[in-house]
Every structure is written in structure tokens, then in C-alpha cells.
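Working notes, structure below.
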Amino acid sequence: MSISDVLTVIQNSVVAHAISKSDHLVGAALQVVHVIGFILLLAALVLMSLRLLGVILKHQPVADVIADASRLLWIGLALAVVSGTLMFVSSPKLYFYKFAFELKMLLFVVAVLVQFTVFRKVAKAESPSPAFVRATVALSLVTWFGIGLAGRMIGFT
Amino acid sequence: MSSLLALAERIEQTSLGTAIAESSLAFPIIEGIHLIGLSVAVGLLFFTDLRLMGVLFKKIPLTDVLHQLRPWMLGGFIAIFISGGLLFLAEATVLVSSPAFAFKLVFLALAGINALYFEFVIARRPEVKENRAVLPSSVRYAGFASLTLWTLVIISGRLIPYLPAWS
């Protein structure tokens with residue numbers, strides 16, 4: 001089965017039909033949830049990054065800031081992933097062959113890996129080296145913001 | 001309404017307006033900056049609102065959250081207003097015709113009034129300034145109002161392409 005066949009199967013699925021045949025405001029609602037989820041995720045990431053770099057809330061323990069911020073990060077990620085998956089399923093062939101979409105998915109894989117490995121390590125370390133913190137935070141912010149930019153390009157390419 | 005549309009047409013025809021609208025890269029990049037600015041400014045504001053409501057960061061003194069996040073939020077807001085202004089130049093007629101854009105401006109104005117009222121009235125009360133354990137309930141209401149209004153700004157903004165005309 002080729003990728004094209006897989007995409008056709010997805011496009012003909014019950015979920016895909018339910019979304020694409022419904023009112024266009026269902027698609028709009030998915031876009032709204034996607035952007036709100038993404039804003040929560042990015043904001044949580046910015047807040048954690050600024051604390052890890054020692055720029056804000058220096059007198060608060062890192063663990064306190066990370067604990068509350070990461071709750072919102074995961075809520076935001078869940079909203080963005082669920083709404084994004086539904087949008088993709090409704091018209092997979094529209095998205096799959098677009099460069100901006102492929103770039104977004106590639107960056108997404110990298111960003112999630114960074115989040116679960118080095119970012120988590122930095123957040124939990126007692127006293128990580130400043131260079132390691134800066135490199136990790138920079139890598140994380142660049143990939144997540146890159147996802148936002150690439151996502152915004154999808155509609156224009 | 002028709003004179004507003006005529007004005008919007010003239011704005012679009014300015015050299016900067018047409019340059020952005022006709023560039024295949026400039027428009028999506030400015031939209032991207034608008035989104036990133038939004039996540040920094042409004043995103044951090046969401047955290048502040050949740051702190052005001054007593055949902056998150058309860059261990060961190062309120063004044064610390066307010067003062068330390070402020071420069072980052074202001075930077076984000078500058079990015080949003082500049083990128084938003086440039087987007088308006090490029091598609092003024094589309095925006096003026098869309099009810100979603102009109103609602104966005106109304107919610108934006110209400111959010112601004114709420115922020116000014118918080119800044120100049122609520123935040124100046126001694127209970128807030130001194131980080132007392134029990135804060136006036138107006139603090140929670142202001143946080144909730146801000147969270148709601150900015151969510152409505154985002155929703156109406158994203159709906160602009162889906163609601164192009166009043167009827």
C-alpha cells in the first residue's frame with residue numbers, strides 16, 4: 001500500500017466525512033482550538049525558558065514555576081494535537097504534499113524529542129551549566145516557534 | 001460604511017500596503033510574527049490572569065508575577081500591534097468588511113479598559129501592593145474578565161477568513 005492509498009483511506013473514513021461534510025464553521029472551530037492550544041503551549045514554554053535562563057522569578061524555585069507551567073503546556077499540546085489531527089484527517093491529500101506542512105511535522109518531531117530529553121533534563125537538574133541551559137532553551141524555542149511559522153505558511157503555499 | 005470601505009481601499013493602495021499584499025513571503029511571515037507575539041504577550045497574560053484568579057502559581061507572590069512578566073508582555077504587545085498594523089495595510093477592505101474583525105476590535109477595547117482599570121484602581125489597593133493572603137474579590141474578577149476577553153479576541157481574529165461579510 002503506497003502513501004497515496006493510505007491518504008485515500010483516511011480521506012474516505014467516517015471521521016473525515018463527518019468533518020468535511022459538516023458546516024464550514026466546524027473547520028473554523030478546529031482552527032480556533034488549534035491556535036488557542038498552540039498559544040498556551042508557546043506561552044508555557046516562554047515562561048519556563050525565561051525562568052531556566054534566570055531572567056524572571058529568580059527567587060522562586062525552578063520546580064515551582066515548571067510544575068504549573070508544564071500543566072498548561074500539556075493542555076495546550078493536547079488541544080493543538082487533537083484539533084490538528086482532525087484537520088489533517090478531513091483532507092490529508094491537501095496537507096501531505098505541502099512543503100510547509102512537511103517542515104512543520106519534521107520540526108514537531110524534533111521539538112517533542114527535545115522536550116522529552118534535554119529540556120526535561122535541564123528543568124530537573126540541580127545546577128545545570130549555563131551554556132547547556134542556554135543551548136537547550138534556544139533549541140526548544142527555535143523549533144516550537146518554527147512550527148508556528150511553518151504552520152502559518154501552510155495556507156499560503 | 002461605504003466611506004469606510006473607500007478609506008480602506010485607499011489604505012490598501014498605499015505602496016506599503018500593496019508591497020505586503022503582493023509579496024508571497026512577507027504576508028505569511030508577518031502573520032507568523034503576529035502569532036508569535038500573541039503567544040508571548042497574550043500567553044503570558046493568561047498566566048497572569050490565572051494567578052489573579054488563584055488557579056496557578058499560588059506560591060509565587062502576585063506582585064512578582066505582575067512586575068516580572070510585564071516587560072515581556074509589553075514587548076509581545078508591541079510586536080502584535082506593529083505586525084497587526086502591517087496586515088491591516090495589506091488587507092484593509094477584507095478586514096473592514098468582516099464582522100469578525102469588528103468584534104475583535106470591540107473585545108480588544110474592552111480588554112484594554114479592563115487592563116487600565118486593574119492597573120490604576122485594583123492594583124493600587126494596599127491588599128494587592130502588600131501581597132496580603134486574602135485579596136479583594138475584584139482581583140479575581142479582573143483576571144477572569146481579561147482571560148475571557150482575550151480568548152474572544154483570539155477567537156474572533158481566527159474567524160476573520162470564515163466570516164467575510166455581515167450578511
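Values quoted throughout were computed directly from the atomic coordinates according to the rules given, and no laboratory measurement underlies them. Computed from a predicted model, the values in this text were never measured in an experiment. A quick note on method: Cβ atoms are made from the backbone with ideal geometry, for glycine too, and the neighbour counts reach across all protein chains shown.
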**Fill in**
Hydrophobic long helices for chain A, i.e. whole DSSP H runs reaching 27 angstrom or more by Cα along the axis with Kyte-Doolittle mean at least -0.5, come out as A:24-52, A:62-90, A:130-154
**Request:** Per DSSP H run of at least 4 residues, take -39500 (n - 2.57); add these up for chain B, divide by its residues and hand me the 222 nm value, nearest 500 deg cm²/dmol.
**Result:** -25500 deg cm²/dmol
**Message:** For residue B:56, what residues show an amide H to amide H distance below 5 Å, using hydrogens built from the backbone and excluding near sequence neighbours?
**Reply:** B:51
**Request:** Pick out which of B:87, B:16, B:152 has the largest mean-square fluctuation in a Gaussian network model of chain B, springs linking Cα atoms closer than 10 Å.
**Result:** B:16
**Prompt:** How high is the relative contact order of chain A, in percent, counting Cα pairs under 8 Å that sit 6 or more residues apart?
**Reply:** 30
**Asked** Quick one: B:24, B:138, fewest Cβ neighbours within 10 Å first, how do they rank?
**Response** B:24, B:138
**Asked** Add -39500 (n - 2.57) for each DSSP H run of 4 or more in chain A, then divide by its residues: what number comes out at 222 nm, to the nearest 500 deg cm²/dmol?
**Response** -26500 deg cm²/dmol
**Mean separation of Cα contacts under 8 Å, 6 or more apart, over the residue count of segment B:2-158: relative contact order %** = 33
**Asked** Charges only on Cβ, +1 for Lys and Arg, -1 for Asp and Glu: so what's the dipole of segment B:16-167 about the Cα centre, in debye to the nearest 20?
**Response** 640
**Asked** By its C-alpha gyration tensor, with a ≥ b ≥ c as the square roots of the eigenvalues, how is segment B:2-158 shaped: rounded for a/c under 1.5, else prolate for a/b larger than b/c, else oblate?
**Response** prolate
**Item:** Residue-wise HN-Hα coupling along segment B:75-89, computed from phi with Karplus coefficients 6.51, -1.76, 1.60 (Hz; x: Gly, Pro)
**Value:** x, x, 5, 4, 4, 5, 5, 5, 5, x, x, 5, 5, 5, 4
**Fill in**
At q = 0.12, 0.18 1/Å the base-10 log of I(q)/I(0) from the Debye formula over the alpha-carbon atoms of segment A:3-154 is -0.58, -1.04
**Request:** Could you please rank B:10, A:51, A:134, placing first whichever residue has the fewest other Cβ atoms within 10 Å of its Cβ?
**Result:** B:10, A:134, A:51
**C-alpha center-to-center spacing [segment B:57-88, segment A:27-100] in angstrom** = 17
